[in-house]
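So the structure is just underneath, and the comments pick up after that.
Just so it is clear, none of the values below were taken in a lab; they were calculated from the coordinates. Bear in mind that the values here come from a model prediction, so they are computed numbers and not experimental data. Glycine also receives a Cβ, built like all others from the backbone with ideal geometry; neighbour counts cover every protein chain displayed.
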Amino acid sequence: MEAYSESLKGGVLIGVASWILLAGVGRISGISSITSGVLTSQRQTSFWRWAFLLGLVGGGALFTWMLGVPHVETRSSLMLVPAGFLVGFGTVLGSGCTSGHGVCGLGRRSQRSLVAVLIFMVTGIFTVLMVSHMPPAEWWGSVLLEGLQWLFRR
């Protein structure tokens, strides 16, 4: 249980923060809808959205600095940018993100959120299995190059 205690604490904090936003402002803490509201709504209604997003990013950065979280290697921008667009497309297609459906929707016993979370999980599992069993990029490049050479030799 000791290995999972930090994850449990983080989950409790996310749940409490979602409840505070719902009880205090009457809003659901779906990150995609909050971000969309910042980008599309009028200035008078978006202060709480800006405060939420600033606290989300700033709080993570602050605690990373305070607690000395180890550095994690990231993927290249060539992989991260298309992945970001795919996540954004999925959020629009699913009418929300995992924070909205998983934390808030399931907490309200929404059947639509249950279906969305199941689809998120199956897609994530499939993606991890596919990526972990794919050959490296160099192999794909050599296959493509050999295929083009064979095609143009005909």
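With runs of 4+ DSSP H residues as the only contributors, calculate the mean residue ellipticity of the chain at 222 nm using -39,500 (n - 2.57) per run, divided by the residue total and rounded to the nearest 500.
-23500 deg cm²/dmol, from helical runs alone.
May I ask you to evaluate 6.51 cos²θ - 1.76 cosθ + 1.60, the Karplus curve with θ = phi - 60°, for each residue of the stretch 52-59 and list the ³J(HN,Hα) values in order in whole Hz, giving x for glycine and proline?
These are the phi-based 3J(HN,Hα) values: 5, 5, 5, x, 5, 6, x, x Hz.
What list do you get for Ser99, Ser110 if you sort them by fewest beta carbons within 10 Å?
Ser110, Ser99
Convex hull over the Cα atoms of the chain, averaged projected area in nm²?
Convex hull of Cα atoms, orientation-averaged projection: 14.0 nm².
If you take the beta carbon distance between Val122 and Leu78 as r and set R0 to 25 Å, what does 1/(1 + (r/R0)^6) give as a FRET efficiency, to the nearest 0.05?
Taking R0 as 25 Å, the efficiency between Val122 and Leu78 is 0.40.
Within 10 Å of each candidate Cβ there may be at most 10 other Cβ atoms; applying that plus a DSSP loop requirement, which trypsin sites (Lys or Arg not before Pro) in the stretch 65-126 survive?
Sites meeting the loop and neighbour criteria: Arg75, Arg108, Arg109.
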